[in-house]
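Each reported figure results from applying straightforward, stated rules to the coordinates on display, with no laboratory input. Quick caveat, the model's predicted, so the values are computed rather than measured. Cβ sites come from the backbone with ideal geometry, for glycine too, and all protein chains shown count toward neighbours.
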């Protein structure tokens, strides 16, 4: 689920963070990750990570020095017990399952968290997914970098409803260009990291075009600019 945090406008972040997963160089051991992508934090602060180059989903319980492979990890491939470059993951709490963007296989997979699960099931295939989000009503949102759009799905629905973009790749307010990670708030407003437009877009529910809320001033390092944003 998307989680809304009430962070004061004058909040200041600590200058030094604490490593909670990985930190032992790039690799495939259970204390390592390789090009980690999206992550999800469960209610008990367990962190579930799309471990892109290891073709697996790995979870870290708070305070542990080693993670646990919970999906994939059987080499890259398109079998149901394999993943190929997963980019995002979330937990569907109602079914206690992982929902995974299996980027390299262009499919969305559901993988039960119950012990003994050895493979996933395909929820949606032939989709160039990058980012995932789920709202309070269990609608699933998926960004598609080929169609330059975001769609909303009921679990089990194969077609979905267009909620952002879908007018070809471009920089118009009704367009996206390689949408990456997404966020959905309690009003079903969709925020999109519009990567190749170097901006973040906000699409209100039912809107035909979005609003630029960050960047959009070309690629660059000025405080008014972004450069290939992916996460948000």
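I need the shape label for the range 124-182. Rule: rounded when a/c is under 1.5, else prolate if a/b > b/c, else oblate, with a, b, c from the alpha carbon gyration tensor.
prolate
Test of understanding: express the Cα radius of gyration of the range 98-148 as a ratio to 2.2 N^0.38 Å, with N the residue count.
Ratio of Cα Rg to 2.2 N^0.38 Å: 1.18.
Expressed in nm to one decimal, what extension gain is obtained for the pair residue 137 and residue 158 from 0.36 nm per residue of sequence separation less their Cα-Cα distance?
That pair, residue 137 and residue 158, stretches by 5.8 nm at full extension.
What does the convex hull of the Cα atoms of the range 143-232 come to per residue, in Å³, rounded to a whole number?
Taking the convex hull of the Cα positions in the range 143-232, it is 88 Å³ per residue.
How many angstrom lie between the C-alpha centres of the range 44-93 and the range 170-199?
25 Å
Of 41, 146, 18, which has the largest mean-square fluctuation in a 10 Å C-alpha GNM of the chain?
Largest GNM mean-square fluctuation: 18.
Bin all alpha-carbon pair distances of the range 60-169 at 10 Å intervals from 0 and give each bin's fraction as a whole percent.
For the range 60-169, the pair-distance distribution reads 14, 45, 31, 9, 1.
Can you bin the range 22-61 into rounded, prolate or oblate? Criterion: square roots of the alpha carbon gyration tensor eigenvalues sorted a ≥ b ≥ c, rounded for a/c under 1.5, prolate for a/b above b/c, oblate for the rest.
Because a/c hits 1.5 or more and a/b exceeds b/c, the range 22-61 counts as prolate.
Of 198, 24, how do they rank once you tally other Cβ atoms within 10 Å and put the fewest first?
Ordered by Cβ neighbours within 10 Å, fewest first: 24, 198.
Hey, in the GNM for the chain with a 10 angstrom Cα cutoff, which one of 206, 104, 215 fluctuates hardest?
Fluctuation is largest for 206.
Can you put 124, 182 in order of Cβ neighbours within 10 angstrom, beginning with the fewest?
Starting with the residue having the fewest Cβ neighbours, the order is 124, 182.
If the elastic network links every pair of Cα atoms under 10 Å, which of 175, 59, 15 fluctuates the most in the Gaussian network model of the chain?
Maximum among the listed residues: 15.
Residue 208 to residue 26: extension gain in nm, 0.36 nm per residue of separation minus the Cα-Cα distance?
Net length gain for the segment: 61.3 nm.
Using alpha-carbon pairs under 8 Å, 6+ residues apart, how would you state the relative contact order of the chain in percent?
RCO, the chain: 11 percent.
At what distance in nm do the modelled label points of residue 15 and residue 187 sit from each other, each positioned 7 Å from its Cα along Cα→Cβ?
Going from the residue 15 label point to the residue 187 one covers 3.8 nm.
Ranking 44, 88 by Cβ neighbours within 10 Å, fewest first, what do you get?
Fewest-to-most ranking of 44, 88: 44, 88.
Could you work out how far apart the two model spin labels at residue 5 and residue 80 are, taking each label as a point 7 Å from the Cα in the direction of the beta carbon, and quote it in nm?
Here the modelled spin labels are 3.7 nm apart.
Over the chain, what is the percentage of antiparallel beta bridges among all DSSP beta bridges, to the nearest 5?
That works out to approximately 95 percent antiparallel.
Which percent of Cα pairs goes in each bin when the distances of the chain are cut into 5 angstrom slices starting at zero?
1, 7, 14, 17, 19, 17, 13, 8, 3, 0, 0
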